[in-house]
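All remarks here apply to the structure that follows.
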Amino acid sequence: MREPPRPRTIIEPFKIKVVEPLAIRSRPEREGFLARAGWNLFQVPSESVTFDFLTDSGTSAMSAAQWGAMMVADESYAGSRSFARFEAAVRKLTGYPHVIPTHQGRAAERLLFSLLIRPGCAVPSNNHFDTTRANIEQLGGEAVDLVVAEGRDPASRHPFKGNVDLARLDRFCAENRARIPLGMLTITNNTGGGQPVSLANLHGASEVYRRHGIPFVLDACRFAENSYLVKLREDGQGGRSPREIARETFELADGCLVSAKKDGLVNIGGFLALRDDRWVERARSLLILTEGFPTYGGLAARDLEALAVGLEEVLDERYLDYRLAVTRYLAEGLNRAGIPTVQPPGGHAVYVDARALLPHVPPERFPGQALACEMYLAEGIRACEIGSVMFGRNEGGSFRPAAMELVRLAIPRRVYTQSHVDYVIEGMAGIAARIGELRGLRLVRDPPYLRHFTASFEPV
Ligand code: F0G
């Protein structure tokens, strides 16, 4: 790793104008909430959560400039001034002339995929996020993950574990060209731990897709974090601005799907942006059918205003430096307390390796879920299990565990302070010191789809 050591305290590059009280509850109160929620953290009320690390999506704190812009929004049905401002911000960022707003990322996915994907189609990527995969599969397509081997090894310290394996990608495209309507890359690679994709790998993938005549579309929700990790970690990129790196990234592709709830620094919103016009007309017609007129696409004009400002603010170097320093600081603090995490820390989240931390809890007792529940009970921290609850299966009475047992602490943008992070590290160290006491959980209700949202458990 080439990231420089950090000599001084990390400071938030903003001061606070509006505050919201933290929900601080006692352990017995949280025990009551968790029992009523069937030991499923998606079912506990957020008022019982002190530090909410469930997701970084839609949970950002907006700036005074964003709130100010919302007040002057033009809520006209058609031709709104706010749309023009949003469209200009997306064009400036991506260079793509065609900009289609949607209410969030998966709506953009559905629009594009329903134009392109037919049963039997295949869409390669590094890793598809779950909504992307589900939208492809729903249309009868196959979502193909071709991430590099290091991306599947939690302990590997490769700086770009989001990279796609270019040799496998080339082979896959050569063997399946006729059934590939588009190729993708996810930046950063959420499924693999928020890991970045290098600019060199983006160039390589672009070249492979181009050579096979396959349109290349980025899933770019965390484009700013990816750009800053390129600046920090890739040879020859240290002197460039995140905006320059982002622009080069978008230039390599033919379009992008974006959930603006991440690096858009807004609570709702998304877009599809495209370089040429071959899909635009049909995408706009579908948009009108299910989302709204092309100058608002299911959003209020005030949301478009907030997003136009957010897309500028997120590329501020001081912000990105602070953002990635916090992620790294949290990971290093946990590691010092003996808690293993996916290495190296990525952009938006820290992933605890629950299999390594709780070797005494077998996968069928859900070590990740057991840890996440204890984090809630002991400290009011809410995190998300990404392990055998999410991906394990019961087939014909036998249990098939997930490849990894992870617990994701996704960090909302501009929400928690440095002392909050210190407090979380102290709390996690306390849990690690008595980890041997955790016995795991038994699954008592197993719904057929997306069971992590609604399954129930009880302690063993
Ligand atoms: N692509 C990626 C890489 C994502 O991380 C997400 C959402 C989406 C697409 C879909 O966007 O939620 O606006 O429809 N990820 C959230 C998360 C839910 O918690 O990681 P959306």
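So the values come out like this:
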item	result
Farthest toward positive dipole pole in the chain [+1 Lys/Arg, -1 Asp/Glu at C-beta], among Leu334, Gly162, Cys373	Gly162
Net length gained if the chain between Glu458 and Glu312 were fully extended (0.36 nm per residue, minus Cα distance)	47.9 nm
Rg over Rh, two decimals, the range 169-229 (C-alpha only, Kirkwood Rh)	1.00
Rounded FRET efficiency, nearest 0.05, which uses the C-beta distance separating Ala403 from Val444 and R0 of 25 Å	0.55
Accessible area of the chain belonging to carbon and sulfur atoms, whole % at 1.4 Å probe	54 percent
By average C-beta atoms within 10 angstrom, highest first, the peptides 384-396, 445-457	384-396, 445-457
Dipole in debye (nearest 20) - the chain, about Cα centre, beta carbon charges: Lys, Arg +1; Asp, Glu -1	160 debye
Normalised alpha carbon radius of gyration of the range 18-114 [divisor 2.2 N^0.38 Å]	1.58
Label zone at Ile11, where the point sits 7 Å out along the Cα-to-Cβ direction: the range 378-422 residues whose backbone N lies under 15 Å	418-419
Nearest-0.05 FRET efficiency for Arg393 and His203, computed from C-beta distance (R0 41 Å)	0.60
Heavy-atom accessible area per residue - the chain, 1.4 Å, Å²	40 Å²
Spin-label pair Val19/Arg157, simplified geometry with 7 Å Cα→Cβ offset, distance in nm	4.0 nm
For the range 277-316, projected area of the alpha-carbon convex hull averaged over all directions, nm²	3.5 nm²
Mean projected area (nm²) of the alpha-carbon convex hull when the range 376-426 is viewed from all directions	4.9 nm²
Given Lys161/Lys262; Lys92/Lys261; Lys92/Lys262; Lys17/Lys92, the pairs whose alpha carbons are separated by over 27 Å	Lys17/Lys92
Within the range 94-177: Cβ-based charge dipole about Cα centre, in debye rounded to nearest 20 (Lys, Arg +1; Asp, Glu -1)	120 debye
Cα→Cβ-extended label distance, 7 Å offset, between Arg27 and Ala167, nm	5.3 nm
Leading residue at positive end of dipole, the chain (Cβ point charges), from His348, Val197, Ala410	Val197
DSSP bridge orientation in the range 64-313 - percent antiparallel, rounded to nearest 5	50 percent
If the convex hull is drawn through the Cα atoms of the range 120-278, its volume per residue in Å³	117 Å³
Volume of the Cα convex hull of the chain, divided per residue and given in Å³	145 Å³
Thr131-Ala35 pseudo-label distance in nm [points 7 Å out on the Cα-to-Cβ vector]	3.6 nm
The range 92-183, Rg to Rh (Cα coordinates; Rh as Kirkwood inverse mean 1/r)	1.01
Hypothetical label at Leu115: residues of the range 277-316 whose amide nitrogen lies under 19 Å (7 Å Cα-Cβ projection)	277-299
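The values are calculated or read from the model by the stated rules, or taken from the named source; none is laboratory data. Because the structure is a prediction, the values reported are computed rather than measured. Ideal geometry is used to build each Cβ from the backbone, glycine not excepted, and the neighbour counts take in all protein chains shown. Just the protein is used for accessible areas: all its heavy atoms, side chains included, with ligands, DNA and RNA removed. Shrake-Rupley method; radii C 1.70, N 1.55, O 1.52, S 1.80 Å.
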